[in-house]
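The values are calculated or read from the model by the stated rules, or taken from the named source; none is laboratory data. A quick note: this is a predicted structure, and the numbers were derived from the prediction, not measured. In this analysis, Cβ positions are derived from the backbone assuming ideal geometry, glycine residues included, and neighbour counts consider all displayed protein chains. Just the protein is used for accessible areas: all its heavy atoms, side chains included, with ligands, DNA and RNA removed. Shrake-Rupley method; radii C 1.70, N 1.55, O 1.52, S 1.80 Å.
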Amino acid sequence: MFAEFVPALPVLAAYTLAAIVLGITPGPDMTLFLSKTVAQSRAAGLAAFGGATTGLVIHSVLIAAGLSVLLAASVTAFTILKIVGAAYLAYLAYDAIRHGSALSLDRKGRVETLRSVYLKGLLVNLLNPKIIVFFVTFLPQFVSPTDPEAAKKLLFLGLFFAVVNTPICVGLIVFADRIAGFLKRSPKATRLVDWAFATVLGAFAVRLVLAESR
């Protein structure tokens, strides 16, 4: 039964690599939980991360359900979404190289309760339209429109993304002060992440276009 919703090992390995690269790429959620860590405490950082992860899980479930409905309605429409998704991933790769990512940590933020920090983390991801667009175009790249277990695999991939990045983000929180200092001294490190991000997304965009053309 477990094998029904777990993609083939090569697909899962590729997805895991992509999830790791995307997870270490600075964004609003990472900025929030690292800022709360250096300005308040590790507990606050973990609370912010917990909220952000909850938002991600909610998005994953809703998006997987929506994609499953689309797949059931029309394989052609699902395939078109994959092609459009390839174009969007290519654009994100280009934008990462051109503009880069930003991680500006606030070391003087006001002290908030853990509940308040958790809710702030939840809202950061729950109300971020970029996450919706990204997952809608990203998840289908790893599922075949003709796969009878596509719906289960979409849900698995969405939740697996959060699982893969949990130890990475917790590690970032534990070493937040050192990481903040390192990034401040070496902006090239952030730029290296941008190039890794662009390379992974670009590779998946090319892979999808070649697969669709066969």
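Who wins for biggest fluctuation among Ala72, Ala64, Ala176 in a Gaussian network model of the chain, springs between alpha carbons below 10 Å?
The residue that fluctuates most here is Ala72.
Just to be sure I understand: with springs between alpha-carbon atoms less than 10 Å apart, which residue in Pro140, Pro28, Pro129 has the highest mean-square fluctuation in the Gaussian network model of the chain?
Pro129
Which of Val57, Val200, Val69 moves most in a GNM of the chain, Cα contacts under 10 Å?
Val69
With all protein chains present, how much of the accessible area of the range 27-82 (probe radius 1.4 Å) comes from carbon and sulfur, to the nearest whole percent?
Working: 1530 of 2090 Å².
Accessible surface attributable to carbon and sulfur in the range 27-82 totals 73 percent.
Let me know the shape class of the range 53-97, please: from the alpha-carbon gyration tensor, a ≥ b ≥ c as square roots of the eigenvalues, rounded when a/c is under 1.5, otherwise prolate if a/b is greater than b/c, or oblate. Don't skip to the end; give the middle numbers.
On the way: a/c = 6.02, a/b = 1.15, b/c = 5.25.
Here the range 53-97 falls in the oblate category.
Would you check the chain for Lys pairs whose C-alpha atoms are within less than 23 Å, ignoring same-chain pairs closer than 8 in sequence, and give me the count?
11
Averaged per residue, what accessible surface does the chain expose to a 1.4 Å probe, in Å²? Walk me through the numbers on the way to the answer.
Details: 11050 Å² over 214 residues.
With all protein chains present, the chain gives 52 Å² per residue.
Positive end of the dipole of the chain, charges at C-beta (+1 Lys, Arg; -1 Asp, Glu), about the Cα centre: which of Thr16, Ala176, Thr54 has its Cα farthest in that direction?
Ala176
Which value in deg cm²/dmol, rounded to the nearest 500, describes the helix-derived mean residue ellipticity at 222 nm for the chain, given -39,500 (n - 2.57) per DSSP H run of n ≥ 4 and division by the residue count?
Numbers: 10 runs with 173 residues, N = 214.
One gets -27000 deg cm²/dmol as the mean residue ellipticity at 222 nm.
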